[in-house]
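Participant: Here it is, the structure, as structure tokens.
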Amino acid sequence: MEKLIISEQDIINALCVYTSRKKQVKPEEVEVELMYDDDYGFSAETYVGGRKQILITQNIIEALRLWMDEYMHIDPYIGIKLELDDEMGIIAVTQ
């Protein structure tokens, strides 16, 4: 299988679906901000009903696996790596 690049918007969408299932709300009720820090790596802040939750890299990967399985219909257990791209922002690349 060739490399697949998952856009920053699709990562955000995946996190909205993932968080909505955990919090039992609609995906539209979830706000997401992706972040990268040289010391801590990738993370995301999610907001539901005014409450903030921090998600670490592993949570983002878990959300992407759900997204890949249910929305992209591809094997969710292929390697996924988060990358910071100068032009595209935070992206995920399959291996």
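Participant: In segment 18-41, what residues are surrounded by fewer than 14 Cβ atoms within 10 Å (Cβ to Cβ), of a type outside the set (Lys, Arg) and in a loop (DSSP other than H, G, I, E, B)?
Facilitator: Result: Gln24, Asp38, Asp39, Tyr40.
Participant: Can you say whether Thr46 is free of Cβ contacts under 8 Å to residues at least 60 places away in the same chain and not in a helix (DSSP H, G or I), as far as the supplied structure shows?
Facilitator: When the stated conditions are applied, Thr46 passes them.
Participant: Just to check your reading of the model, which residue among Glu83, Glu62, Glu33 is farther than 15 Å from Asn13 by Cβ and acidic (Asp, Glu)?
Facilitator: Answer to the check: Glu83.
Participant: Looking at the structure I just gave you, is Leu84 touching a helix residue (DSSP H, G or I) at 6+ places or on another chain (Cβ under 8 Å), in contact (Cβ under 8 Å) with a residue 40 or more places away in the chain and either outside any loop (DSSP other than H, G, I, E, B) or surrounded by 13 or more Cβ atoms within 10 Å (Cβ to Cβ) (or both)?
Facilitator: No; evaluated as a whole, the condition is false for this residue.
Participant: While we're looking at this one, here's another question. Take segment 49-81 and flag every residue that is among the charged types (D, E, K, R), free of Cβ contacts under 8 Å to residues at least 12 places away in the same chain and part of a strand (DSSP E or B).
Facilitator: Arg51, Lys52
Participant: Give the number of residues within segment 1-17 that are in a helix (DSSP H, G or I) and surrounded by 14 or more Cβ atoms within 10 Å (Cβ to Cβ).
Facilitator: 9
Just so you know, all these numbers are worked out from the coordinates, no wet-lab data involved. Note that the coordinates shown come from a computational prediction; the quantities given were computed from them, not determined experimentally. Counting neighbours? That spans all protein chains shown, and the Cβs are built from the backbone with ideal geometry, glycine included.
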